[in-house]
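These notes concern the structure reproduced below.
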Amino acid sequence: MTDPIEKLREYGYELPAPKAPVASYVPVNRSGNLLYVSGQLSSNESGVVQGLLGDTMNVVQGGNAAELCAVNILAQIVHMAGVPLHEVKKIVKLTVLVASTPDFFEQHLVANGASNLLVGVLGDKGKHARAAFGVAALPLGAAVEIEAVVEV
């Protein structure tokens with residue numbers, strides 16, 4: 001398999017410095033061989049990608065925001081948990097929260113941005129169970145927030 005960091009670069013990303021918690025929690029908690037990665041916002045070096053699906057953002061923009069969340073999950077795995085990406089055994093589950101209007105019903109399509117990136121970077125190890133929810137608002141006005149369970 002190709003090095004996951006190289007695959008990430010093929011998507012146009014470098015592994016960013018991990019985002020610090022914005023409240024009272026830890027970014028990653030380990031229990032045995034499982035990492036519980038706290039919700040990662042749709043953010044990059046320019047700041048938080050804000051928006052409301054079904055109003056100020058479309059599905060493609062939402063998918064791009066979800067992709068950023070996945071990149072931030074990978075950064076937490078490497079930098080905060082100290083696990084190189086090639087040692088990840090499995091992305092077990094994602095929980096995807098999408099800031100959206102009450103009549104927006106395509107949260108699953110927004111979540112594909114993260115899912116597709118993780119499979120693209122990690123191969124079969126990136127395949128996971130998933131839940132996607134629409135919510136009224138997310139911290140800092142983020143468009144998307146994703147938490148992960150990862151086997152290492």
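Quick one: with all protein chains in place, what share of the accessible area of the chain is carbon or sulfur, to the nearest percent (1.4 Å probe)?
Numbers: 3870 of 7280 Å².
That fraction is 53 percent.
Comparing 37, 26, 92 in a Gaussian network model of the chain where C-alpha atoms under 10 Å apart are linked, the largest mean-square fluctuation is found at 26.
Candidate cross-link partners of residue 19 among the aspartates and glutamates, defined by an alpha-carbon separation under 18 Å and a same-chain spacing of 8 or more, comprise 45, 67, 145, 147. Leaving out same-chain residues fewer than 8 places away, which lysines sit with a Cα under 20 Å from that of residue 7? Here the lysines satisfying the reach criterion relative to residue 7 are 89, 90, 125, 127.
Note on residue 13: accessible area approximately 40 square angstrom, rounded to 10, probe 1.4 Å, nucleic acids and ligands left out. Distance from the alpha carbon centroid of segment 1-50 to that of segment 74-102 works out to 6 angstrom. In this simple spin-label approximation, residue 129 and residue 45 carry label points 7 Å from Cα along the Cα→Cβ vector, and these lie 3.8 nm apart.
Computed from the Kirkwood radius of its Cα pairs, the Stokes-Einstein diffusion coefficient for segment 3-59 at 37 °C and 0.692 mPa s stands at 231 µm²/s.
Take peptides 112-120, 97-105 and line them up by average Cβ neighbours within 10 Å, highest first, as a rough protection proxy. Each step should come with its number before you reach the end.
Details: 112-120: 21.8, 97-105: 18.9.
Taking the mean over residues of other Cβ atoms within 10 Å, the ranking is 112-120, 97-105.
Relative to the longest principal Cα axis of the chain, at what angle does helix 107-122 sit, 0 to 90 degrees, rounded to 10? Tilt of helix 107-122: around 20 degrees. Between the listed residues 113, 13, 75, the Cα displaced farthest toward the positive end of the dipole of the chain, a dipole computed from Cβ unit charges relative to the Cα centre, is found at 75.
Shape class for the chain: prolate, because the ratio a/c of the largest to smallest gyration tensor axis (alpha-carbon atoms, square roots of eigenvalues) is 1.5 or more and a/b beats b/c. Note on the chain: dipole from Cβ charges, positive end direction compared against 23, 144, 129; the farthest Cα belongs to 129.
The values are calculated or read from the model by the stated rules, or taken from the named source; none is laboratory data. The structure presented is a predicted model; accordingly, all values stated were derived computationally and were not measured. Glycine also receives a Cβ, built like all others from the backbone with ideal geometry; neighbour counts cover every protein chain displayed. Keep in mind that these areas ignore ligands, DNA and RNA; they rest on the heavy atoms of the full protein, side chains included. Shrake-Rupley method; radii C 1.70, N 1.55, O 1.52, S 1.80 Å.
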